[in-house]
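In what follows, a structure is listed as structure tokens, so that the remarks can point back to it.
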Number of protein chains: 2
Amino acid sequence: MTHQAPPPSPQATVKRGAKRAKYDTDTLYAILDAMPLCHVGYIIDGRPVVIPTLQWREGDTLYWHGASTSRTIAAAAEQDVCVTVSILDGLVIARSAFNHSVNYRSVVVHGRPRLIDDPEHKEAALKAMIESLTPGRWDALRPMHAKEFKATGVLALDLSDASCKVRSGSPVDDAEDYDLPIWAGVLPLRSQWGTPEPDGRVLPGVETPEAIASFPQGPMFRGL
Amino acid sequence: MTHQAPPPSPQATVKRGAKRAKYDTDTLYAILDAMPLCHVGYIIDGRPVVIPTLQWREGDTLYWHGASTSRTIAAAAEQDVCVTVSILDGLVIARSAFNHSVNYRSVVVHGRPRLIDDPEHKEAALKAMIESLTPGRWDALRPMHAKEFKATGVLALDLSDASCKVRSGSPVDDAEDYDLPIWAGVLPLRSQWGTPEPDGRVLPGVETPEAIASFPQGPMFRGL
């Protein structure tokens, strides 16, 4: 059951459009599980830097990864970051410019990430990344080389300081504007997974795994 | 013609995956014009804050807007920001976990935005936002009220300090991994605009404007 929880901290409290804010974990998990693309904000050399990457979730922890030598992965473990996940669901076309809007689902998470040093935890997290996208795939892959494992940095961020915003439905026009002969409504946007495209070097007799063949119709990103 | 230009500044130079970096304006404009959703990184109270919003472009200037009283619009005009636009084009499924990747197009812009004070410039920018999405729409709308105009803050950011990254195509596996009986390829992702959905209060006899009716098949977001 969805319940409305209180905002977790001052920085995680939605300031603009507070009526669209949600703080319940059902909404939070649904958005994060629907969209792997996230944007991570760091401060590097005194400037904000926003880098797109993939996120995945286990319980109340959000993960992302990168080259262990990258400036962002190194910087992240020493500072508070902001991770934002957004899904654009449509354009909201109103009778006035001012009442135009967009339908969307978004999550903003604040916190201090932890660089995962423990090898077992790190391997489990990387396995979870692969499995969250393509269940059963991890064991079918060529095992990780030690140098690959070392070259990969994994960050974990508690979801305790997260907020969601959701807008859906029709435009909301000024009462008197509904008398105007102006079309208004929604231009919906949907993301769709296409048919898996094997590369040209899959060996004869190797079938498309079920988790990949069924991906476009599967449970992942059902909300995308 | 696309040409490879030099990176514009140290902070706009791609650090990771430099072979995927592009600095030509054709690539830059194509990505910005394909995806209105952007993520703006600010520093507020010493922390990075990443807020999703819509961007639009006129020539070498990127614009976004917000409530003129919002902390982000106020903060943006007094600091360097980072605006990132990302399009996820697919999951790249390799023969090893390490060689997994994603296909994507992204832009990162650094710079100090200007709050547009001049009323004519501000109105022209807001008109350009509406027209970039739905050509011909501005003149059909109920004109802006003075208080709406005042309540809207518009920011402009030069595109002089921008970089793009693009990945497309098949996975790139280690040479010896191609001998393994493991499926590899791409799971393509495409965004599609659906049929326009009028709200329940469009007056009888009001037709769907051509720019809206043709939107799903139109030139906008052709690259989305």
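May I ask you to give the average projected area over all directions of the convex hull of the Cα atoms of region B:159-219, in nm² rounded to one decimal?
9.5 nm²
Say the dipole of region B:1-111 comes from +1 at the beta carbon of Lys and Arg and -1 at that of Asp and Glu; which of B:GLY17, B:SER86, B:ALA75 then lies farthest toward its positive end?
The listed residue farthest towards the positive side: B:GLY17.
Pop out the ³J(HN,Hα) list for region A:95-103 in order, Karplus 6.51 cos²θ - 1.76 cosθ + 1.60 with θ = phi - 60°, rounded to Hz; leave Gly and Pro as x.
Karplus-based 3J(HN,Hα) across region A:95-103 equals 7, 10, 4, 4, 8, 4, 7, 10, 8 Hz.
How large is the charge dipole for the protein assembly as shown, taken about the Cα centre, if only the Cβ atoms of Lys, Arg (+1) and Asp, Glu (-1) carry charge, to the nearest 20 debye?
Dipole about the Cα centre, nearest 20: 460 debye.
Say we join alpha carbon atoms closer than 10 Å with springs in a Gaussian network model of chain B; which of B:ASP199, B:ASP177, B:ASP80 then has the biggest fluctuation?
B:ASP199
When only alpha-carbon atoms are used, what values of Rg and Dmax, in angstrom, describe region A:8-112?
According to the Cα coordinates of region A:8-112, Rg and Dmax are 15.5, 51 Å.
Using alpha carbons only, how many angstrom separate the centre of region A:41-102 from the centre of region B:171-208?
Here the two parts' Cα centres lie 21 Å apart.
Taking only Cα atoms, what is the 0 to 90° angle, nearest 10, from helix B:25-34's long axis to the longest principal axis of chain B?
Taking the Cα atoms of chain B, the angle to B:25-34 is about 70 degrees.
Rounded, prolate or oblate: which fits region A:62-142 when a ≥ b ≥ c are the square roots of the eigenvalues of the alpha-carbon gyration tensor, with rounded for a/c under 1.5 and prolate only if a/b beats b/c?
Note, shape of region A:62-142 comes out oblate.
By what distance, in whole Å, do the Cα atoms of region B:92-211 stretch along each of the three principal axes, largest value first?
That works out to 67, 44, 19 Å along the principal axes.
Return the Rg/Rh value of region B:18-217, two decimal places, where both radii are evaluated on C-alpha atoms and Rh is the Kirkwood radius.
We get a ratio of 1.06 for region B:18-217.
Specify the angular offset, from 0 to 90 degrees and rounded to the nearest 10, of the alpha carbon long axis of helix B:119-133 from the longest principal axis of the alpha carbons in chain B.
It works out to around 50 degrees.
Inverting the mean 1/r over all pairs of different Cα atoms, compute the Kirkwood radius of the protein assembly as shown and quote it in Å.
Computed over Cα pairs of the protein assembly as shown, the Kirkwood hydrodynamic radius comes out at 23.0 Å.
Provide the per-residue ³J(HN,Hα) series for region A:9-20, in order, calculated from phi with Karplus coefficients 6.51, -1.76, 1.60 and θ = phi - 60°, each as a whole number of Hz, with x at glycine and proline positions.
7, x, 6, 8, 8, 5, 8, 9, x, 4, 5, 8
Under 23 Å Cα-Cα from B:LYS22, which lysines qualify once same-chain neighbours fewer than 8 residues away are excluded?
B:LYS165
Largest first, please: the extent of the C-alpha atoms of region B:3-64 along each principal axis, to the nearest Å.
39, 26, 17
Each reported figure results from applying straightforward, stated rules to the coordinates on display, with no laboratory input. Bear in mind that the values here come from a model prediction, so they are computed numbers and not experimental data. Cβ coordinates were reconstructed from backbone atoms using ideal geometry, including for glycine residues, and neighbour counts include every protein chain displayed.
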